[in-house]
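All remarks here apply to the structure that follows.
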Amino acid sequence: QKEVEQNSGPLSVPEGAIASLNCTYSDRGSQSFFWYRQYSGKSPELIMSIYSNGDKEDGRFTAQLNKASQYVSLLIRDSQPSDSATYLCAVNESGGYQKVTFGTGTKLQVIP
Amino acid sequence: NAGVTQTPKFQVLKTGQSMTLQCAQDMNHNSMYWYRQDPGMGLRLIYYSASEGTTDKGEVPNGYNVSRLNKREFSLRLESAAPSQTSVYFCASRRQGAVNTEAFFGQGTRLTVV
């Protein structure tokens with residue numbers, strides 16, 4: 001079973017700080033990585049996707065990928081209380097399949 | 001544009017009853033998925049369908065069956081519900097061929113088996 005690991009948290013940060021969320025994966029051949037945000041009682045929604053080593057920035061969000069270390073992270077700058085949610089890391093498995101595996105999620109709490 | 005639509009939104013079943021969860025997408029996506037989400041367990045893949053006419057088992061397929069009725073619809077059936085199947089079920093769809101594309105989720109079905 002290919003695995004995606006996340007710290008379940010909660011991760012608490014003060015408003016305005018940088019939140020750093022981390023994810024490791026076991027499938028060395030994976031090419032596509034996704035970060036979803038899920039508010040309580042709601043369905044997941046995409047925040048970022050990344051598939052090349054390095055950083056990808058979109059507004060206050062930066063995704064970082066290191067395939068050699070099998071590590072992907074999400075940085076949220078200037079954290080807001082509205083960012084309080086569970087963040088799910090997802091990995092598209094290798095082998096030509098359309099199978100997407102999710103981590104258990106990290107709960108983020110932004111303290112006003 | 002409705003995206004991914006799941007029915008019903010809530011359901012209570014008695015142990016041993018059967019039911020089918022319906023999912024339809026209007027984005028012309030080839031790939032569709034069923035996940036269940038339990039507290040502390042994240043999203044676990046039950047079954048997926050890479051294209052119309054094909055289905056494959058995911059991580060937790062036992063106790064479930066699926067049907068890819070056509071390109072739009074992918075249903076999940078519980079033949080004999082058990083309390084362990086109490087969960088929130090999400091259907092998702094995705095464009096096939098480009099593995100970098102995101103999955104779009106339905107609003108979820110909260111199922112309680114008593």
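The values are calculated or read from the model by the stated rules, or taken from the named source; none is laboratory data. Quick caveat: nothing in here was measured; it's all calculated off a predicted structure. Here the Cβ positions follow ideal geometry from the backbone for every residue, glycine too, while neighbour counts run over all protein chains shown.
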When you scan the stretch B:32-72, how many residues do you find that are outside any strand (DSSP E or B), among the aliphatic types (A, V, I, L, M) and touching a strand residue (DSSP E or B) at 6+ places or on another chain (Cβ under 7 Å)?
3
The number of residues in the stretch B:6-38 that are surrounded by fewer than 20 Cβ atoms within 10 Å (Cβ to Cβ), under 18 Å from B:Ser87 (Cα atoms) and not charged (D, E, K, R) is 13
Return yes when B:Leu111 is part of a strand (DSSP E or B), free of Cβ contacts under 8 Å to residues at least 60 places away in the same chain and among the aliphatic types (A, V, I, L, M) and no when it is not.
no
Going by the structure shown, is B:Met41 surrounded by fewer than 17 Cβ atoms within 10 Å (Cβ to Cβ) and closer than 22 Å to A:Tyr87 by Cα?
yes
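Taking the residues in the stretch B:10-43 that are among the charged types (D, E, K, R) and farther than 26 Å from B:Thr101 by Cβ as candidates, determine which candidate is farthest from the other protein chains (Cβ to nearest Cβ). Spell out how you get there, then give the answer.
From the stretch B:10-43, those among the charged types (D, E, K, R) are B:14, B:26, B:36, B:38; that's our starting set.
Right, trim to farther than 26 Å from B:Thr101 by Cβ and you get B:14, B:38.
Details: B:Lys14: 25, B:Asp38: 10 Å.
That would be B:Lys14.
Just name the residue that is nearest to B:Trp34 (Cα to Cα) out of those in the stretch B:63-81 that are in contact (Cβ under 8 Å) with a residue 60 or more places away in the chain and surrounded by 13 or more Cβ atoms within 10 Å (Cβ to Cβ).
B:Leu78
A quick yes/no check of all residues on (1) in contact with a His (Cβ under 8 Å, 6 or more places away or on another chain); (2) surrounded by 12 or more Cβ atoms within 10 Å (Cβ to Cβ); (3) over 23 Å from B:Cys91 (Cβ atoms):
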position: A:Ser8; (1), (2), (3): no, yes, yes
position: A:Tyr25; (1), (2), (3): no, yes, yes
position: A:Gly29; (1), (2), (3): no, no, yes
position: A:Phe34; (1), (2), (3): no, yes, no
position: A:Tyr51; (1), (2), (3): no, yes, yes
position: A:Thr62; (1), (2), (3): no, yes, yes
position: A:Ser73; (1), (2), (3): no, yes, yes
position: A:Val91; (1), (2), (3): no, yes, no
Among B:Val88, B:Val60, which is within 10 Å of chain A (Cβ to nearest Cβ), touching a residue at least 24 places away in the same chain (Cβ under 8 Å), closer than 20 Å to A:Pro44 by Cα and β-branched (Val, Ile, Thr)?
B:Val88
The residue that is farthest from A:Phe34 (Cα to Cα), considering only those in the stretch B:1-47 that are touching a residue at least 60 places away in the same chain (Cβ under 8 Å) and among the aromatic types (Phe, Trp, Tyr), is B:Phe10
Being touching an Asp or Glu at 6+ places or on another chain (Cβ under 8 Å) and closer than 21 Å to A:Glu93 by Cβ is the filter here; which residues of the stretch A:48-64 pass it?
A:Met48, A:Ser49, A:Ala63, A:Gln64
Checking the condition at pLDDT 95 or above and not small (Gly, Ala, Ser), which residue from A:Gln31, A:Gln38, A:Gln1, A:Gln98 passes?
A:Gln38
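Kindly indicate the residue of the stretch B:44-55 that is within 29 Å of A:Asn7 (Cα to Cα) and at the interface with another protein chain (Cβ under 8 Å from one of its Cβ atoms) and also surrounded by the most Cβ atoms within 10 Å (Cβ to Cβ) among those meeting that condition. Even if it seems obvious, please write down each step before you answer.
Quick first cut of the stretch B:44-55, residues within 29 Å of A:Asn7 (Cα to Cα) only: B:44-48.
The next check asks that each one be at the interface with another protein chain (Cβ under 8 Å from one of its Cβ atoms); those that pass are B:44-45, B:48.
Numbers: B:Arg44: 17, B:Leu45: 21, B:Tyr48: 25.
Only one residue tops the list, namely B:Tyr48.
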